[in-house]
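Single-structure report; data block below.
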Amino acid sequence: MEFSGIEQIDFNKLNGLVPAVIQDNSTQKVLMVGFMNKEALQKTTETGKVTFFSRTKNRLWTKGEESGNFLNVVSILVDCDKDTLLVKANPVGPVCHTGADTCFSETNKEADIQFLEYLQSFIDKRKQEMPEGSYTTSLFQKGTSKISQKVGEEAVETIIGAMANDDENFIYEAGDLIYHLIVLLTHKGYRLEDVVKELKKRHK
């Protein structure tokens, strides 16, 4: 990975070290906190795996070098004082040496509702790339009228499932409804987050 901000970081405040907060890129959970010196940060950026400076072992230490539970780096951010790092990573297995998901004994599991963020991003990508053979691509190509029609059809199917007390079909059709609604939002230049903002505004 690329990180061009090493030279701006102030390693002098803690005798050559800076705290590094490691956050799960998907769940946003804080996984652990360690320290990096300049060499540890350089190795982290070169290998794409989080590497710390171990104060007890007095050497560089790549998380997972013994267990295989690496922290694969997604991005590195520097705080406003240039003396603390926020490293977003994808963990391979549990992070803590105790076997816990995090060093704070929290369960690190992506909430099902977070899949909607992934789905929105996936549909955004489909709109940008428009790959052949994709159902989503075909909807974008057909335009507002056809997408709106599909939203209406799925809304009706969802209502039918609800009225028939067919829970399995009701949930299935509700999934289709939400998917096509996100496609319509994206086609119109909006995102699901815009609907959430509107709901939050009403909630106040």
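The values are calculated or read from the model by the stated rules, or taken from the named source; none is laboratory data. As the structure is a prediction and not an experimental result, all values here were calculated from the model. Methodologically, a virtual Cβ is constructed for each residue, glycine included, from the backbone with ideal geometry; neighbour enumeration extends over all protein chains shown. Just so you know, the surface numbers come from the protein's heavy atoms only, side chains and all, with ligands and any DNA or RNA stripped out. Shrake-Rupley method; radii C 1.70, N 1.55, O 1.52, S 1.80 Å.
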Give region 135-152 a look and list any residue that's closer than 12 Å to residue 181 by Cβ and either open to solvent by 60 Å² or more (accessible area, probe 1.4 Å) or free of Cβ contacts under 8 Å to residues at least 12 places away in the same chain (or both), or say none.
152
Does residue 127 count as in contact with a Phe, Trp or Tyr (Cβ under 6 Å, 6 or more places away or on another chain), in contact (Cβ under 8 Å) with a residue 12 or more places away in the chain and of a type outside the set (Val, Ile, Thr)?
yes
Pull up region 59-74, narrow it to residues that are farther than 15 Å from residue 40 by Cα, surrounded by fewer than 16 Cβ atoms within 10 Å (Cβ to Cβ) and not β-branched (Val, Ile, Thr), then point me to the one that is farthest from the chain's Cα centre (by Cα).
66
Output the residues belonging to region 1-24 that are buried (at least 17 other Cβ atoms within 10 Å of the Cβ) and under 23 Å from residue 114 (Cβ atoms).
22, 23, 24
Quick check, is residue 82 surrounded by 12 or more Cβ atoms within 10 Å (Cβ to Cβ) and over 20 Å from residue 175 (Cα atoms)?
yes
Taking the residues in region 184-199 that are touching a residue at least 40 places away in the same chain (Cβ under 8 Å) and assigned to a loop (DSSP other than H, G, I, E, B) as candidates, determine which candidate is least open to solvent (accessible area, probe 1.4 Å).
191
Which listed residue, of 44, 51, is farther than 24 Å from residue 117 by Cβ, touching a strand residue (DSSP E or B) at 6+ places or on another chain (Cβ under 6 Å), buried (at least 18 other Cβ atoms within 10 Å of the Cβ) and in contact (Cβ under 8 Å) with a residue 40 or more places away in the chain:
44
Please indicate, with yes or no, whether at least one residue in region 136-146 is among the hydrophobic types (A, V, I, L, M, F, W, C) and assigned by the TED database to the domain that holds residue 186.
yes
Looking at residue 56, is it without any contact (Cβ under 8 Å) to a residue 24 or more places away in the chain, open to solvent by 60 Å² or more (accessible area, probe 1.4 Å) and either in contact with a strand residue (DSSP E or B) (Cβ under 6 Å, 6 or more places away or on another chain) or polar (S, T, N, Q) (or both)?
yes
